[in-house]
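What follows is one structure encoded as structure tokens, with my remarks underneath.
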Amino acid sequence: MASHAFGSELRRWRNLAGLTVRDLAARVHMGSSTVSSYENGIAPHPKVAAQLDAALNAKGVLVELAERLNAPAIGAGSAGSRLITGTAGGPVVTGPPSSEEIMMAAEESAKFARDAARSATPDLVEQLDADVRRLAVAYLHHPPFTLFRPLAAMQTEVFELIDSRPNPAYLADLYLAAGRLTALLAHASADLGQPAAAAAHARTAWLCADRAGHNSLRVYTRWVQANVAYWNGDYRTAAELAASARPYASGGSDMLRLASQEARAHAALGDGAAVERALGDGLAAQEPASGASEPGVFHFAPGKAAYYSAEVRLALGGTDNNRRAVADAERAVALLTEGPDAVHSAELVAAARQDLSAAHLALHDLDAVREVLAPVLDLPAELRTTPIAGRMTKLDQQLHGPGADARADELHEQIALFLAYPAGRALPPVA
């Protein structure tokens with residue numbers, strides 16, 4: 001059975017069950033694109049295969065095949081590559097290449113360039129910078145757990161380069177690459193509900209930022225640490241961490257990031273005066289900054305600042321603030337999905353929609369809540385990060401607060417199902 005491609009078997013069992021890709025994806029709480037990638041030649045982790053197997057009553061066939069395909073193969077090439085073979089030992093072509101296959105092929109080319117350039121340090125640094133930028137952009141559009149291993153593997157490569165005592169002229173560039181990769185690992189760990197791991201990565205990222213002398217990386221690292229504190233309910237520490245990085249803010253994006261985080265933490269503490277000061281600083285920071293912006297997730301988009309502002313208004317409460325929260329959240333959705341500055345990140349748009357739902361709920365407009373929240377409830381499980389789950393938990397609590405509407409029961413059930421499958425749950429076990 002292992003001689004057949006996993007994708008062909010998965011498709012066969014799905015057809016036997018009379019299910020569409022969308023039907024199967026709903027049963028296993030994954031995105032349709034994820035299931036489609038498995039049918040088109042990407043072998044999943046055996047734990048994921050077990051979910052598919054159970055949903056299709058495949059009697060362990062899919063699990064056995066996934067275990068064989070995930071086992072190290074003799075002569076299969078690098079440890080990071082996967083080769084699915086047919087009965088004659090050649091590659092099986094089951095459809096057009098998935099985005100994951102394309103990214104894997106690009107990584108092989110990039111890795112070759114990095115390895116070949118070890119004696120040509122300028123080329124090496126250029127390749128590393130391009131790779132880190134690519135991953136920073138990918139973080140906006142891909143689930144954190146799909147990027148974690150590529151980030152960790154590249155971080156190891158850069159650490160080894162630094163340990164090999166390279167040309168001192170390029171050491172700062174290597175520390176910058178290492179710091180950015182480690183900061184992204186901290187961000188991913190926090191999103192996946194692993195605050196201790198996030199804290200460890202953040203400390204190393206700060207060290208690398210110091211060695212590289214890179215202020216924007218210092219700001220990003222402190223912001224990640226503040227986020228971890230915020231979602232742990234330590235709002236005072238979150239505010240202090242964000243404020244401590246202000247001296248390093250060298251552009252509008254940096255200042256907007258820190259001011260937004262401060263305002264959110266102060267709002268949770270009920271300090272209205274501190275909130276207004278921070279929001280004022282953030283508004284001033286939205287003026288166009290000179291020079292190129294940081295890549296991908298390292299850039300703090302105005303749309304993200306807008307939904308932070310909505311959260312702030314919701315925390316302060318009152319009819320006027322709730323109405324302003326609706327306006328801020330609607331602006332966030334528009335900025336994140338339209339125009340030249342749109343990032344089209346499913347997770348960021350979902351967060352903005354959650355804040356918009358909370359604002360409508362505060363104004364007792366349950367019909368608007370249902371309409372705005374519907375796309376969020378369909379978010380694939382792999383994108384239900386800790387911040388997304390945290391917002392949904394707060395929204396559910398508000399649904400059953402004082403004066404709750406009996407019509408909220410249906411939404412409560414949908415939210416309970418949503419929260420039962422967070423992104424961290426999809427992580428494979430530690431080997």
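The values are calculated or read from the model by the stated rules, or taken from the named source; none is laboratory data. All of these numbers come straight from a predicted model, not from anything done at the bench. Backbone-built Cβ (ideal geometry, glycine too); neighbour counts: all protein chains shown. All accessible areas refer to the heavy atoms of the entire protein, side chains included, with ligands and DNA or RNA removed. Shrake-Rupley method; radii C 1.70, N 1.55, O 1.52, S 1.80 Å.
A few notes on this one:
- Formal net charge of residues neighbouring Asp254 (Cβ-Cβ distance under 11 Å; K, R +1; D, E -1): +3
- Heavy atoms of Ser189: accessible area, 1.4 Å probe, square angstrom to 10: 10
- Using a Förster distance of 35 Å, the FRET efficiency for Leu283-Ala416 (Cβ separation, nearest 0.05): 0.40
- For the set Leu176, Leu335, Leu124, solvent exposure ranked by accessible area (probe 1.4 Å, protein chains only) runs largest to smallest as Leu335, Leu176, Leu124.
- Heavy-atom SASA rank of His187, His45 (probe 1.4 Å, accessible area, largest first): His45, His187
- One decimal place: the segment Leu269-Thr237 gains 10.4 nm when fully extended, by the rule 0.36 nm per residue minus the C-alpha distance.
- For the pair Leu171 and Thr319, a Förster radius of 51 Å applied to the C-beta separation gives a FRET efficiency near 0.35, rounded to the nearest 0.05.
- Net lengthening on full extension, Arg203/Asp409 (0.36 nm per residue, minus Cα-Cα): 69.8 nm
- Accessible area (Å², 1.4 Å probe, nearest 10) - Glu413: 130
- Extension gain, Ala334 back to Ala374 (0.36 nm per residue minus Cα-Cα distance, nm): 12.7 nm
- Projecting the Cα atoms of Asn227, Tyr170, Thr156 onto the dipole axis of region 119-230, where Lys and Arg carry +1 and Asp and Glu carry -1 at the beta carbon, places Asn227 farthest toward the positive end.
- Area of Lys394 that stays accessible when all protein chains are in place (1.4 Å probe, Å², to 10): 80
- Virtual spin-label span in nm between Thr20 and Asp163, 7 Å along Cα→Cβ: 5.2
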